[in-house]
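**Q** Quick one: structure below, then a few questions.
The values are calculated or read from the model by the stated rules, or taken from the named source; none is laboratory data. Just so it is clear, the structure is predicted and the values come from calculations on it, not from any experiment. All accessible areas refer to the heavy atoms of the entire protein, side chains included, with ligands and DNA or RNA removed. Shrake-Rupley method; radii C 1.70, N 1.55, O 1.52, S 1.80 Å.
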Amino acid sequence: MNLQTPVSHPLPRRALPDSCQFDLLDVSALQDPSSGRIVHLYSMVARCLSCEVIFKAQEGQGFVSTSAARVLRCPTGCGEQALKGAALRQWHLQSA
């Protein structure tokens, strides 16, 4: 007789498809000088292309970091977009 109660395990969370697009206006990050890899992302200033709001996003307040990307979210609830590290590095290098 099995006396253990079944435990429901959450399904692995898949990344949601991008539901919004943003123009990055500024990126503040600590980068490795030799590789250009982003060591720490402090903040991003972005414009939502759906509602045109301009906002500053910081970790936990406008974006979250996952193992694969940073997910930028519009503060008005329009949607979100996953930004890979390579895209952030390229933006930062182009603007420097």
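**Q** Out of the total accessible area of segment 25-96 (probe 1.4 Å, heavy atoms of protein only), what percent is carbon and sulfur? Present the calculation step by step, with values, prior to reporting the outcome.
**A** Numbers: 2120 of 4190 Å².
Ligands and nucleic acids excluded, carbon and sulfur reach 51 percent.
**Q** Over segment 27-96, with the other protein chains present, what is the accessible area per residue in square angstrom, probe 1.4 angstrom? Present the calculation step by step, with values, prior to reporting the outcome.
**A** Numbers: 4040 Å² over 70 residues.
Per-residue value: 58 Å².
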